[in-house]
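The values are calculated or read from the model by the stated rules, or taken from the named source; none is laboratory data. Note that the structure is predicted; figures quoted are calculated from it, not measured. Here the Cβ positions follow ideal geometry from the backbone for every residue, glycine too, while neighbour counts run over all protein chains shown. Heavy atoms of the whole protein, side chains included, go into the accessibility calculation; ligands, DNA and RNA do not. Shrake-Rupley method; radii C 1.70, N 1.55, O 1.52, S 1.80 Å.
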Amino acid sequence: MTRADKLLIVAILLCALFGLAKIYRHFFTPLDQLFPAQATITAEGNVVRTIDLDPAGGKLTLQVSGRLGPATVEVDRGKVRMLAANCPNQICVKQGWIQNPGASIVCLPGEIIIHLDGPATVDAVTR
Amino acid sequence: MFSTRRLVYLSLLLAMATALHVLEGLFPIPLPFPGVKLGLANIITLLILYLYDLRAGLTVAIARVFLGSLLGGTFLAPGFFLALTGAVVSTLIMALLVNKTDCFSPLGISLAGAVGHNLGQLVMASLLLQNQAIFFYLPVLLLAAIPTGLVTGYILQKLLERLEKTGLLPELTRNGG
């Protein structure tokens, strides 16, 4: 075995280990870290705001104006809720916090939709 | 230049390479990684590169894959194409190292050939699957190529030493007759 042989072995070993480390770190990263969830807020058919949801993120309130006037949406540590709205039944407000990808809050009278997108943490949910 | 002696010796080597190729296919290595094997037939390819030239090595490598797959029943199956590209790429790389460098021993050249085999295989696999994700498998194959390449290289080194001792080498490579 010559010096060049040993160098070749070390080079291949390093390549292999580097590749393995890179790939397996990718494999073992939870999907929601690779693709963070997003909240899309739609008012009267138009997307008015897209917010990245970070479970470690802070509090944020924003005004959305729908058909019945302004509504308040609150975002807190990756969760979203309708804080206040002008609609008669207040269904959207009573629904409370949503945080799982695929969940949504719909205010029909106000025509405001909050929808969470992101990699599903479960395959399907039946209710 | 046509030489009957060369033809006969290359044919014998081709027969040996085919036998090794088929034998190896019969004994899967009990590891949870498909595609990892010793590459015993590569010993013959590299021996030919040492004794003869690139053309002889390439011919025998390709013919070996054809004959081996016909005997093993994998002719024109995906494994056949993987073996073919792997054999061609590894032969080219080893020929380059044998002819253009003199700092590598048979161990290093065999190792480079094993790595070349993996690269060729994966390129063909990604073409067959029409998907580049198969390259995620490369580090596993590279890791496996180190011991297998070194083992086959070691066997070749011993083989060359023995051939040297018998004094048959000039007879093997003589062109006349």
**OP:** Quantify how strongly other chains surround peptide B:136-143 by giving the mean number of their Cβ atoms within 10 Å of each of its Cβ atoms.
**Re:** 6
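To one decimal place, what Kirkwood hydrodynamic radius in Å is obtained for the protein assembly as shown from all pairs of distinct Cα atoms? Display every interim value, and only then the final one.
On the way: mean 1/r = 0.0416 Å⁻¹.
For the protein assembly as shown, the Kirkwood estimate is 24.0 Å.
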Original post:
Which value, in debye to the nearest 20, describes the size of the charge dipole of chain A about its Cα centre when Lys and Arg Cβ atoms bear +1, Asp and Glu Cβ atoms bear -1, and nothing else is charged?
Top reply: 320 debye
**OP:** Specify the residue with the greatest mean-square fluctuation among B:Gly57, B:Gly149, B:Gly167, computed from a Gaussian network of chain B linking alpha-carbon atoms under 10 Å apart.
**Re:** B:Gly167
Original post:
Applying the Karplus parametrisation 6.51 cos²θ - 1.76 cosθ + 1.60 with θ = phi - 60° to the phi angles of segment A:51-56, what ³J(HN,Hα) value in whole Hz is obtained for each residue in order, glycine and proline being reported as x?
Top reply: 10, 6, 9, 10, x, 9
Original post:
Given springs between every Cα pair under 10 Å in a Gaussian network model of chain A, which of A:Cys92, A:Cys15, A:Cys107 has the largest fluctuation?
Top reply: A:Cys15
Original post:
Cross-link partners among lysines for A:Lys59, C-alpha distance below 16 Å, same-chain residues fewer than 8 apart left out?
Top reply: A:Lys79
Original post:
Okay, helix-only estimate at 222 nm for chain B: each DSSP H run of n ≥ 4 adds -39500 (n - 2.57), divide by all residues, round to 500 deg cm²/dmol; what do you get?
Top reply: -26000 deg cm²/dmol
**OP:** Please give the direction-averaged projected area of the C-alpha convex hull for chain B, in square nanometres with one decimal.
**Re:** 10.6 nm²
**OP:** Return a whole-number percent for the relative contact order of chain B, with Cα pairs under 8 Å and 6 or more residues apart as the contact set.
**Re:** 28 percent
Original post:
Once both axes come from the Cα atoms, what is the angle between helix B:54-72 and the longest principal axis of chain B, in degrees from 0 to 90, rounded to 10?
Top reply: 60 degrees
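Apply the Kirkwood formula to segment A:6-127: the hydrodynamic radius equals the inverse of the mean of 1/r over all pairs of different alpha-carbon atoms; give it in Å with one decimal. Write down the numbers at each step before the final one.
Numbers: mean 1/r = 0.0601 Å⁻¹.
In segment A:6-127 this quantity evaluates to 16.6 Å.
Assign unit charges at the C-beta atoms only (+1 for Lys and Arg, -1 for Asp and Glu), then state the dipole size of chain B relative to its Cα centre in Debye, rounded to the nearest 20. Don't skip to the end; give the middle numbers.
Details: 10 positive and 6 negative charges, 48 e Å.
It works out to roughly 240 debye.
To the nearest 100 Å², how much accessible surface do chains A and B cover up together, summed over both, with a 1.4 Å probe? Don't jump to the answer; show the numbers that get you there.
Working: alone 8950 and 9790 Å², together 17420 Å².
Roughly 1300 Å² of accessible surface disappears when A and B pair.
In segment A:1-108, which trypsin sites (Lys or Arg not before Pro) fall in coil by DSSP and have 16 or fewer other Cβ atoms within 10 Å?
Numbers: sites: A:Arg3, A:Lys6, A:Lys22, A:Arg25, A:Arg49, A:Lys59, A:Arg67, A:Arg77, A:Lys79, A:Arg81, A:Lys94; in loops: A:Arg67, A:Arg77.
Answer by residue number: A:Arg67, A:Arg77.
Helix-only mean residue ellipticity at 222 nm, chain A, DSSP H runs n ≥ 4 weighted -39,500 (n - 2.57), per residue, nearest 500. What is it?
Numbers: 3 runs with 35 residues, N = 127.
One gets -8500 deg cm²/dmol as the mean residue ellipticity at 222 nm.
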**OP:** Report the paramagnetic label zone for A:Thr72: residues of segment A:45-61 whose backbone N is under 19 Å from a point 7 Å from Cα along the Cα-to-Cβ axis.
**Re:** A:58-61
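Let me know the Kirkwood hydrodynamic radius for segment B:1-86, please, with Cα pairs as the basis and the value in Å to one decimal.
Details: mean 1/r = 0.0747 Å⁻¹.
Computed over segment B:1-86, the radius equals 13.4 Å.
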Original post:
What pairs from A:Lys22/B:Lys158; B:Lys37/B:Lys100; B:Lys100/B:Lys158 go past 32 Å between their alpha carbons?
Top reply: A:Lys22/B:Lys158
